[in-house]
Amino acid sequence: MEELKQRILKEGKVIIPEILKVDNFLNHQLDPALFQKIGAEFKKRFQDEKIDKILTIEASGIALALATAYNMDHIPVVFAKKGIHSNIGKDLYISKIHSYTKQEDYLAFVSKSYLHKGEKVLIIDDFLANGQAVLGLLDILKQAGCSCVGVGIAIEKGFQKGRSYIESKNCKVESLVIIDRFEGDKVILR
Ligand code: 5GP
């Protein structure tokens with residue numbers, strides 16, 4: 001997606017170790033016009049799929065998922081919450097995820113009220129690195145008896161293993177921009 005590429009090249013900042021900061025338009029300050037276009041692009045990429053729900057994970061996935069849902073006849077968006085919850089127990093689907101940015105494990109959970117057996121679900125997230133967040137969401141879908149129709153990612157770091165892990169689970173990945181590599185503080189896109 002050309003506009004997203006240009007924003008990354010112009011405003012993205014590479015921080016150590018191998019993290020792209022895009023707080024200016026995606027992860028802190030949000031650009032609604034850009035999000036609208038991202039939503040429309042995801043709609044185009046998954047137009048052949050029947051989708052009942054979008055699943056994402058807090059926090060940065062939520063706005064992207066909502067922008068996508070507005071473009072897809074306002075289908076419901078469910079987001080996995082992070083952290084231990086006081087009513088942890090049998091009303092929740094829970095998965096342990098390793099955070100790439102924080103280098104620590106956390107629990108993500110979704111209430112059983114919001115995912116139902118047989119539903120076809122599109123996963124949306126901001127970044128794909130080693131795929132741990134998406135694998136956690138796939139685990140939650142499996143527990144719920146839902147199927148994944150695909151994974152839509154705004155920015156994929158193509159030099160990391162996320163895509164191959166997800167594709168090995170027979171899940172289609174669509175990324176709007178793929179980063180080939182970082183050269184110092186320079187971002188090289190595919
Ligand atoms: P993964 O689970 O695929 O290893 O990492 C993806 C998650 O880590 C995303 O949800 C995102 O929040 C965060 N992440 C991974 N790499 C980056 C990055 O380079 N920049 C930013 N802003 N977040 C990242």
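The values are calculated or read from the model by the stated rules, or taken from the named source; none is laboratory data. Keep in mind that this is a model prediction, so the values were computed, not measured. Note that each Cβ is placed from the backbone with ideal geometry, even for glycine, and that neighbours are counted across all protein chains shown. SASA here: full protein model, heavy atoms, side chains in, ligands and nucleic acids out. Shrake-Rupley method; radii C 1.70, N 1.55, O 1.52, S 1.80 Å.
Structure data summary
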| item | result |
| --- | --- |
| Of the criteria (1) more than 13 Å from the ligand (Cβ to nearest atom); (2) part of a strand (DSSP E or B), which one Ile155 fails | (1) |
| Top-ranked residue of segment 13-33 - restricted to ones that are farther than 20 Å from Asn130 by Cα and in contact with a helix residue (DSSP H, G or I) (Cβ under 6 Å, 6 or more places away or on another chain), ranked as farthest from the ligand (Cβ to nearest atom) | Asp31 |
| Members of segment 13-30 that are open to solvent by 90 Å² or more (accessible area, probe 1.4 Å) and more than 16 Å from Ser99 (Cα to Cα) | Lys13, His28, Gln29 |
| Residue, surrounded by the fewest Cβ atoms within 10 Å (Cβ to Cβ), within segment 31-50, restricted to residues that are more than 24 Å from Lys82 (Cβ to Cβ) and touching a Gly at 6+ places or on another chain (Cβ under 9 Å) | Glu49 |
| Among residues of segment 101-134, those that are near the ligand (Cβ under 8 Å from one of its atoms), under 23 Å from Glu41 (Cα atoms), touching a strand residue (DSSP E or B) at 6+ places or on another chain (Cβ under 8 Å) and not acidic (Asp, Glu), counted | 5 |
| Hey, Asp73 among the acidic types (Asp, Glu), at pLDDT below 95 and either open to solvent by less than 10 Å² (accessible area, probe 1.4 Å) or more than 16 Å from the ligand (Cβ to nearest atom) (or both) or not | yes |
